[in-house]
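Report on one structure; see the data block that follows.
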Amino acid sequence: MLNPQTPAPKPLHTPAPILGLIAGNGRFPFLLLDAARAHGLTVIVAAIQEETDPEMNDRAARDPHIRVHWLSLGELSRLIQTFQREGVTRAVMAGQVKHKQIFSSIRPDWRLAKLLLNLRTRSTDMLLGAVAKVLADEGIHLISSTQYLEPLLAKPGMLTARAPSPQEQEDTAYGRTVAKGIAAYDLGQTVVIAAGACVAVEAMEGTDATILRAGDLMRTLDAGERTSASTLGRSLTVVKVAKPNQDMRFDVPVIGLATIHAMQRAGATCLALEAGRTLIFDEAAVRAAADAAGIAITAAAV
């Protein structure tokens, strides 16, 4: 029995739960970082030297519950060792890693080199799925990158003041069929359609570059090849979908202000998203920019 004069022992300090964050480029890693910290998690960031914004260091300097480790893209063994040393058993991937980096800048360590040699193809799903399995074998389990960001998923319906025109609706329906087809082969998740014709298909270059390429092609038609009798309309509709069996742990479809700016430069007038499976970063700013440009944005289950 405690002596009334003796203070009761203080409860043992319980450390905050830990989440590993494999950070690529763009704002995605910072949004996920904010969401994880709002849930009281300590975040161990594996920042990719070739991709992650140096601002990550500033964030860690201001918050003792964020610790950053910089790694090269090919250092899979070091990633595992870092997470194990920090006590990470759950991790998330957030932010793009440019596909061309995998083929040009990567210098794989022995573990990643072995993994690459055993891949049938070097598609995104195949590569990241293999990395996820290696991590799981080491006790580090990847979770969905949307787990802490569900409020940012596109909701069904109109997202802008202007609704799609009848032609844009037709192009959206056709584009979703085409986009689902190419996504099934893990080629890309975006197509650009004009008057029922597929103008551009996303591959290794990414969504924004695909949109700009479509705009360049249309300007080429305007400059020389186009005639008054052309059947190809000027209006471009951008359609973005998730893969048929999308693994939400990585490569989740994302749009943001940069998407709208690329559409403006390309002369695209409509953006069709897959509801519930596409993240919209800074939705209020996206809506405002789209409305100011006269761009229609719509989302639906596909």
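The values are calculated or read from the model by the stated rules, or taken from the named source; none is laboratory data. Bear in mind the structure is a predicted one, so any value in this text is a computation, not a measurement. Here Cβ is always computed from backbone atoms with ideal geometry, including for glycine, and neighbour counts include all displayed protein chains. Areas reflect the complete protein model, heavy atoms only, side chains present, ligands, DNA and RNA absent. Shrake-Rupley method; radii C 1.70, N 1.55, O 1.52, S 1.80 Å.
Okay, here's what the table says:
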quantity	calculated
Some residue of the stretch 153-165 being closer than 30 Å to residue 77 by Cα, open to solvent by 30 Å² or more (accessible area, probe 1.4 Å), of a type outside the set (Gly, Ala, Ser) and not in a strand (DSSP E or B)	no
Residue list for the stretch 227-245, restricted to those being farther than 30 Å from residue 131 by Cα, part of a loop (DSSP other than H, G, I, E, B) and either modelled with pLDDT of 85 or more or open to solvent by 60 Å² or more (accessible area, probe 1.4 Å) (or both)	227, 228, 229, 231, 234, 235
Any pair with Cβ under 6 angstrom, 6 or more apart, that starts in the stretch 106-126 at a residue that is closer than 18 Å to residue 204 by Cα and charged (D, E, K, R) and ends at one that is open to solvent by less than 30 Å² (accessible area, probe 1.4 Å) and not in a helix (DSSP H, G or I)	125/186
Test: residue in the stretch 79-88 that is among the polar types (S, T, N, Q), open to solvent by less than 30 Å² (accessible area, probe 1.4 Å), at pLDDT below 95 and part of a helix (DSSP H, G or I)	no
Yes/no for residue 214 being touching a strand residue (DSSP E or B) at 6+ places or on another chain (Cβ under 8 Å) and either within 17 Å of residue 301 (Cα to Cα) or modelled with pLDDT under 95 (or both)	no
Identity of the residue in the stretch 143-152, in contact with a Lys or Arg (Cβ under 7 Å, 6 or more places away or on another chain) and open to solvent by 20 Å² or more (accessible area, probe 1.4 Å), that ends up farthest from residue 272 (Cα to Cα)	143
Qualifying positions in the stretch 27-66 - assigned to a loop (DSSP other than H, G, I, E, B) and open to solvent by 40 Å² or more (accessible area, probe 1.4 Å)	27, 39, 49, 50, 53, 54, 64, 65
From the options 173, 136, residue that is within 23 Å of residue 77 (Cβ to Cβ) and not basic (Lys, Arg)	136
Count of residues meeting criterion [of a type in the set (A, V, I, L, M), in contact (Cβ under 8 Å) with a residue 40 or more places away in the chain and either surrounded by fewer than 19 Cβ atoms within 10 Å (Cβ to Cβ) or farther than 17 Å from residue 21 by Cα (or both)] in the stretch 246-261	4
Qualifying residues in the stretch 135-174 (those that are within 30 Å of residue 41 (Cβ to Cβ) and among the small types (Gly, Ala, Ser)) - the one modelled with the lowest pLDDT	145
Restricting the stretch 177-214 to residues that are assigned to a helix (DSSP H, G or I) and not aliphatic (A, V, I, L, M), the residue that is least open to solvent (accessible area, probe 1.4 Å)	210
Given (1) touching a Cys at 6+ places or on another chain (Cβ under 8 Å); (2) assigned to a helix (DSSP H, G or I), index of the condition residue 134 fails	(1)
Test: residue in the stretch 103-125 that is touching a strand residue (DSSP E or B) at 6+ places or on another chain (Cβ under 8 Å), assigned to a helix (DSSP H, G or I) and closer than 25 Å to residue 301 by Cα	no
Positions within the stretch 251-302 being farther than 21 Å from residue 150 by Cβ and of a type in the set (D, E, K, R), in sequence order	265, 291
Meets criteria (modelled with pLDDT under 95 and either of a type in the set (Asp, Glu) or open to solvent by less than 10 Å² (accessible area, probe 1.4 Å) (or both)) for residue 291	no
